[in-house]
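Working notes, structure below.
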Amino acid sequence: MVRLTRIYTRTGDDGTTGLGDGTRVRKTSPRIEAYGCVDELNAVVGLCAELAGGALLPRLRQVQNDLFDLGADLCVPLGSAAGGALRLGPGRAARLEGWIDEANAPLAPLQSFVLPGGGALAAHLHLARTVCRRAERRCLALGEAEPINAHGLVYLNRLSDLFFVWSRAAAGGAEVLWVPTRDDAAPGAAP
């Protein structure tokens, strides 16, 4: 277990931060950007949890724990001499797939794209979906620069899908559907 007795260290005043293996990198490094986006996603999931109830709440809390684990995974480079690094495995994404199938089963097939909305929880879940996609892009960028655990990428990809399905379920059939509007419509036509 982690024990924090001191919050500020002053070691980051020079624009660097320490990784899980003790090495120091610039706070602008792709690795810091990647797990910083995962941390931001975790905060958005926390907002969703504040609005959720029932069976969704413990699942959101599980996702928050998973995201913290993913951050821990990302903060220790693969091949680092640091022993005991926390690494995500394939079971995390498989669990999400089960939750997706379960939540999607009762939903009507979509006839249009969905706009973010449909109630406070649904809108926050859409926000989580978009932040998740950004975190995935940042992790992909890191993976293009140096090796990372591919299971984390799969997890984020499934998680964004889960947030989409959960947002539809939270909307309770009141999803806000996209209605394309053409600028070249006939004069006087209703938008």
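Read-outs throughout are calculated quantities, based only on the coordinates presented, and are distinct from any laboratory measurement. No experiment lies behind these values; they were computed from the predicted model shown.
Please determine, in degrees from 0 to 90 and to the nearest 10, the orientation of helix 150-171 with respect to the longest principal axis defined by the Cα atoms of the chain, where the helix direction is its Cα long axis. For helix 150-171, the angle is close to 30 degrees.
Our helix-only sum for the chain, with -39,500 (n - 2.57) per DSSP H run of n ≥ 4 divided by its residues, gives a mean residue ellipticity at 222 nm of -18500 deg cm²/dmol.
With 5 Å bins beginning at zero, the pair-distance distribution over Cα atoms of the chain amounts to 1, 7, 14, 17, 16, 13, 11, 8, 5, 4, 2, 1, 1, 0 %. Seen against the Cα atoms of the chain and their longest principal axis, helix 91-104 is set at about 20 degrees.
Close amide H pairs (under 5 Å, H built 1.01 Å from N) link T23 with no residue at least 5 positions away or on another chain. Note: the range 79-191, Cα convex hull, 137 Å³ per residue.
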